[in-house]
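Enquirer: Would you mind keeping the following structure in view while I ask a few things?
The values are calculated or read from the model by the stated rules, or taken from the named source; none is laboratory data. Source: prediction; values computed, not measured. Cβ atoms come from the backbone with ideal geometry, glycine included; neighbour counts cover every protein chain shown. The area values use the complete protein model at the heavy-atom level, side chains included, leaving out ligands, DNA and RNA. Shrake-Rupley method; radii C 1.70, N 1.55, O 1.52, S 1.80 Å.
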Amino acid sequence: MKIGIDIDGVILDFDQALRVKQELYDILVLKRNSIVNEKETFFQGKYDWTEEEENNFIQKEFIKTSEECGFKPGAVEIINLLKKERHELIIISSRGGYIKEMKDVAERRLEEKGLKFDKYFFVAKDKAKICREENIDIMIDDYYKTCESLVRNKIKTLYFREYPTYELEENEYLKEVHHWGDIYRYIHELEENNAR
């Protein structure tokens, strides 16, 4: 099976770590409550920061947070298990779009854990297009807008959702998961059903 995997919020706990940093930046640095949308995970939609405030935050926190954040529980173990089971694993990530060095940090961190993938797509602006071109069977992503796009393109999608982000209605193309155990169970059951 060909499995597409996002990095941030799926393999690395970057998004959760960045959410903490963005709250501290809003409260301690900007000294205000700038929240305009509680459910939005990305600071660009969550706060009414100016472009300069956003850029300052990106420059101050992105690389540092990327180097410090942990791996999602079970990610390393299950990715290695999927690889051992001969699945083709392909990284499809928007990482490197804001700061080019973010790609290098991710590659180094994955390599340090011995995680090897069959292909890498960084600065991926249109993940659905890449999934179609690569004939991806399942894509794992945590951003609701990306998941909506994948589903519109009839690509099986595992929505790695953490509260309090947007809920999406499950259907034949979308399944909500909350941890790597859920991911492995879904892939395992899908394989069993396909073998019948």
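Enquirer: So Tyr166 clears everything in (1) surrounded by fewer than 17 Cβ atoms within 10 Å (Cβ to Cβ); (2) touching a helix residue (DSSP H, G or I) at 6+ places or on another chain (Cβ under 8 Å); (3) farther than 24 Å from Gly45 by Cα; (4) of a type outside the set (A, V, I, L, M, F, W, C) except one condition, right? Which one?
Expert: Exception for Tyr166: condition (3).
Enquirer: To continue, here is another question. Only one residue in Lys156, Lys145, Lys175 is touching a Leu at 6+ places or on another chain (Cβ under 7 Å), open to solvent by 50 Å² or more (accessible area, probe 1.4 Å) and not aliphatic (A, V, I, L, M). Which one?
Expert: Lys175
Enquirer: Related question: Looking at the range 1-16 only, could you name the residues that are part of a strand (DSSP E or B) and open to solvent by 10 Å² or more (accessible area, probe 1.4 Å)?
Expert: Lys2, Asp8
Enquirer: I'm trying to understand the selection: among the residues of the range 22-36, which are exposed (fewer than 12 other Cβ atoms within 10 Å of the Cβ), outside any helix (DSSP H, G or I) and on the phi < 0 side of the Ramachandran plot?
Expert: The answer is Arg32, Asn33, Val36.
Enquirer: May I pose another question? What residue, among those in the range 73-110 that are assigned to a helix (DSSP H, G or I) and among the basic types (Lys, Arg), is surrounded by the fewest Cβ atoms within 10 Å (Cβ to Cβ)?
Expert: Filtering first and then ranking leaves Lys84.
Enquirer: Which residues, counting only those in the range 116-135, are open to solvent by less than 20 Å² (accessible area, probe 1.4 Å) and over 19 Å from Ala106 (Cα atoms)?
Expert: Ala128, Cys131
Enquirer: Being surrounded by 18 or more Cβ atoms within 10 Å (Cβ to Cβ) and either touching a residue at least 60 places away in the same chain (Cβ under 8 Å) or not in a loop (DSSP other than H, G, I, E, B) (or both): is that true of Gln59 here?
Expert: no
Enquirer: Any residue in the range 4-23 that is hydroxyl-bearing (Ser, Thr, Tyr) sitting within a Cβ distance under 6 Å of a residue that is modelled with pLDDT of 95 or more? List the pairs, counting only those 6 or more apart or interchain.
Expert: none
Enquirer: Can you name the residue in the range 83-122 that is of a type in the set (Val, Ile, Thr) and modelled with pLDDT of 95 or more and is also farthest from Asn135 (Cα to Cα) among such residues?
Expert: Filtering the range 83-122 for residues that are of a type in the set (Val, Ile, Thr) and modelled with pLDDT of 95 or more, the one farthest from Asn135 (Cα to Cα) comes out as Val105.
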